[in-house]
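Taken together, the values in this text are just the output of simple stated rules run on the coordinates, not laboratory data. Just so it is clear, the structure is predicted and the values come from calculations on it, not from any experiment. Because the Cβ atoms are built from the backbone with ideal geometry, glycine has one as well, and the counts that use them run over all protein chains shown.
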Amino acid sequence: MGGRESSSVDIEEVVDQPTDQQLLQYLHWKIHDLPYFTDIVFDCNLYGGIEPWKIWLRFGGIDGERLYFFIKLKRSTNNSGRLSAHINRKVGLANGTWSGENLVKSIFATKTDKQIIGYRKCFRYENVQLSEHHGEWIMHEDSIHQVEDSNYVLCRLSKNERLKRKLGKNLELQRHSKKRITRPESTIEQDTMSDVTMDEDMSS
């Protein structure tokens, strides 16, 4: 990827919904300390001590949309104190973690050009101790193909809309069940008497 001067990216085209290729271009600029669009991608550590929902609120997250961040990965240390290949993906102060890095997607140069220019890992926030947030957050982590000596990645944070819809359906079912259970006895008796009368009329 070239520097910013050689890019034909139009700011007006990428403000609302950057493409995968444009996001990797931003990451390239970040890695090589070149200017980038600071109003599109922010610097914030999604693997730090701040909970995902607090990050979402701090940067003005909107349901159905995404927030974009540059992150420098933090590697774990082994017993001898040396850095290992394992990435520390804990988040917040409530024992939360980003889980699911075995899901990797290749990012190609274009729809027709199948040259691999990057990779995407998919994660979900997991914390069984906080059931209201467990599975609520989705993070995609993009990295550039064959970049040496850089731990920078570009992450997109969003709410799990699938889980939100599922919870909404479950809540609606619970409401319907509750209405059926709390139905007045007088109404149930009237319905029963109507059924009996109807059966008698049909048999006569």
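Some observations on this one:
- Label sites at residue 103 and residue 85, each approximated as a point 7 angstrom past Cα along Cα to Cβ, lie 2.3 nm apart.
- Extension reserve of the residue 93-residue 58 stretch, reckoned as 0.36 nm per residue once the Cα distance is removed: 10.9 nm
- If the segment from residue 130 to residue 36 were pulled out straight at 0.36 nm per residue, it would be longer than the present Cα-Cα gap by 30.2 nm.
- With N counted as the residues of the stretch 4-159, its alpha-carbon radius of gyration over 2.2 N^0.38 Å works out to 1.07.
- Cβ crowding within 10 Å averaged over residues, with 137-147, 94-104, 20-30 ranked highest first: 20-30, 137-147, 94-104
- Net lengthening on full extension, residue 43/residue 160 (0.36 nm per residue, minus Cα-Cα): 39.9 nm
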